[in-house]
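Enquirer: My questions will all concern the structure given below.
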Amino acid sequence: MKIKIIKNKNKSDYTHWSIWECPPSQFDWQYDQEEHCFIINGSVIVKTDNESVHIKSGDYVIFPKGLKCYWEVAESIKKYYMFK
């Protein structure tokens, strides 16, 4: 199970999605559904058993269903998101 990051997506395509915000923090997370999100601003390092991924403003990210991970929010993060 890998986190997928796509660069150079158009933010305006996602402005109708829900918004989630988080201040600098650290926490465990598990995805019960596949999540698609566009990072509006901020940065986070997401760690799994197999990888460590730096996600930042402008990234389109797909978190697979069933993924267990650890979030290290370095800079307050704001994202558009949708579960599929």
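The numbers here are math on the coordinates, done by the rules we state, and not lab data. Bear in mind the structure is a predicted one, so any value in this text is a computation, not a measurement. Neighbour counts run over all protein chains shown; Cβ positions are idealised from the backbone, glycine included.
Enquirer: Using 5 Å bins from zero, what percent of all Cα-Cα pairs in the range 24-84 falls into each bin?
Expert: The calculated distribution, bin by bin, is 4, 19, 28, 32, 16, 1.
Enquirer: According to a simple spin-label model (label point 7 Å from Cα along Cα-to-Cβ), what is the distance in nm between residue 8 and residue 72?
Expert: 3.0 nm
Enquirer: To the nearest 20 Debye, how big is the dipole of the range 1-81 about its Cα centre, given +1 on the beta carbon of each Lys and Arg and -1 on that of each Asp and Glu?
Expert: 280 debye
Enquirer: Mind counting lysine pairs for me in the chain? Cα separation below 18 Å, and the two need to be 8 or more apart along the chain or on different chains.
Expert: Close lysine pairs under the 18 Å cut-off: 27.
Enquirer: Long-range amide H contacts for residue 41: which residues qualify at under 5 Å (H placed 1.01 Å from N, peptide plane, sequence gap of 5 or more or a different chain)?
Expert: Under 5 Å from the amide H of residue 41: 78.
Enquirer: A further question on this structure: Give, as a single signed number, the net charge of other residues whose beta carbon lies under 14 Å from the beta carbon of residue 45, with Lys and Arg counted +1 and Asp and Glu -1.
Expert: Neighbour charge sum, excluding residue 45 itself: -3.
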